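S.K.: Structure incoming, see below.
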Amino acid sequence: MAPWPRRPRLVAGNWKMNRTAEEAVALARQIVEAVRGAPPCEVVLCPPYTALESVRAVVRGTPLRLGGQNLHPEPRGPHTGEISGPMLVALGCQFAIVGHSERRRDMHEDDALVARKLRAALRHGLAPIVCVGETVEEREQGHTPEVLARQVAAAYTGLASEDALATVLAYEPVWAIGTGRVATPEQAEEAHRLVRDTLDRAVGAGVGARATVLYGGSVTAENAASLFAKDEVDGALVGGASLEAEGFVRIAAAAGR
Ligand code: 13P
């Protein structure tokens, strides 16, 4: 994987377990129409696996990119219900979300597994979108810095800087996901600095400043611009608000400015 030439502005829609293939096509069409061939920044759609093929047909020939919501660390084998990097690549994906807090919680994914998935994504030519973030208890107890440092170090230690710079990070505080309680721009800025500082220590000096770091958690068309006004915030990983084309495209427009 080649590193990003410079920090791109990037907005990714994580549709989670929403939309059948048919519904996903309708949503993707609305997004394609709303950006009118010229998205204001890098835009990535991450529909459920069952809709990847049909959404691919909609975004083909447009600048919109496709991502998976997860991948298994192995390329194939006896792993019922899983999806592999080569399968995502064959469906036209260029990205894969790894370490989302919902998978850490629901599927008991730990830091070591997230590190393996990150490497698997890179091996198969997918840019991993690596999610980190603290719970409300961790924040209230003042543990946010150490939680972010642990999660980022576990995922990135031992990576070459070119590989680290071919990834995207997403700071997603668990307490902000799906709650309507968005982090303040200052909270996001501070957390992104912690993420970048950890990258400098885990991978090499200067890597943090060059890494692409998104914010995720209750991002909407209304609050996006204030988050993107912070230099530390390179874009967003959007859940609920990515299921409605007009609002999602407004978020991308705010990132592009
Ligand atoms: P919401 O935007 O719905 O809070 O979800 C954020 C998220 O988890 C994106 O991955």
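S.K.: Which number in (1) in contact (Cβ under 8 Å) with a residue 60 or more places away in the chain; (2) surrounded by fewer than 24 Cβ atoms within 10 Å (Cβ to Cβ); (3) small (Gly, Ala, Ser) marks the one condition that Gly133 misses?
M.R.: Gly133 satisfies every listed condition except (2).
S.K.: Could you check segment 3-23 and list, in sequence order, the residues that are surrounded by fewer than 22 Cβ atoms within 10 Å (Cβ to Cβ) and not in a loop (DSSP other than H, G, I, E, B)?
M.R.: Result: Ala21, Glu22, Glu23.
S.K.: Specify the residue that is surrounded by the fewest Cβ atoms within 10 Å (Cβ to Cβ); the eligible residues are those in segment 187-213 that are over 17 Å from the mean Cα position of the chain (by Cα) and in a loop (DSSP other than H, G, I, E, B).
M.R.: The selected residue is Ala205.
S.K.: Moving to a separate point now. For segment 241-257, enumerate the residues that are assigned to a loop (DSSP other than H, G, I, E, B) and within 15 Å of the ligand (Cβ to nearest atom).
M.R.: Glu244
S.K.: Pick from Gly206, Gly217: which is modelled with pLDDT of 95 or more and under 16 Å from Ser101 (Cβ atoms)?
M.R.: Within the list Gly206, Gly217, the selection yields Gly217.
S.K.: In segment 145-186, how many are surrounded by 20 or more Cβ atoms within 10 Å (Cβ to Cβ) and of a type in the set (D, E, K, R)?
M.R.: Number satisfying all stated conditions: 1.
S.K.: Can you tell me which residues in segment 1-52 are within 24 Å of Ser101 (Cβ to Cβ) and of a type in the set (Val, Ile, Thr)?
M.R.: Val11, Val43, Val44, Thr50
S.K.: If you don't mind, there's one more thing I want to ask. Test Arg29 against the stated conditions and say whether it is open to solvent by 20 Å² or more (accessible area, probe 1.4 Å) and out of contact with any helix residue (DSSP H, G or I) (no Cβ under 7 Å at 6 or more places or on another chain).
M.R.: When the stated conditions are applied, Arg29 does not pass them.
S.K.: Now for a separate question. Within segment 230-248, count every residue that is within 17 Å of Pro8 (Cβ to Cβ) and either open to solvent by 10 Å² or more (accessible area, probe 1.4 Å) or of a type in the set (A, V, I, L, M) (or both).
M.R.: Final tally of qualifying residues: 7.
S.K.: Return the residues of segment 214-240 that are assigned to a strand (DSSP E or B) and not hydroxyl-bearing (Ser, Thr, Tyr); say none if nothing qualifies.
M.R.: Scanning segment 214-240 gives Leu214, Gly216, Gly235, Ala236, Leu237, Val238.
S.K.: Within segment 71-93, is even one residue within 15 Å of the chain's Cα centre (by Cα) and surrounded by 16 or more Cβ atoms within 10 Å (Cβ to Cβ)?
M.R.: Taking every residue of segment 71-93 in turn, at least one turns out to be within 15 Å of the chain's Cα centre (by Cα) and surrounded by 16 or more Cβ atoms within 10 Å (Cβ to Cβ).
The values are calculated or read from the model by the stated rules, or taken from the named source; none is laboratory data. All figures in this text were calculated on a predicted structure; none of them were measured in a lab. Note that we place each Cβ from the backbone using ideal geometry, even for glycine, and neighbour counts take in every protein chain shown. When the accessible area is computed, the model is the full protein with side chains, heavy atoms only, and any ligands, DNA or RNA have been set aside. Shrake-Rupley method; radii C 1.70, N 1.55, O 1.52, S 1.80 Å.
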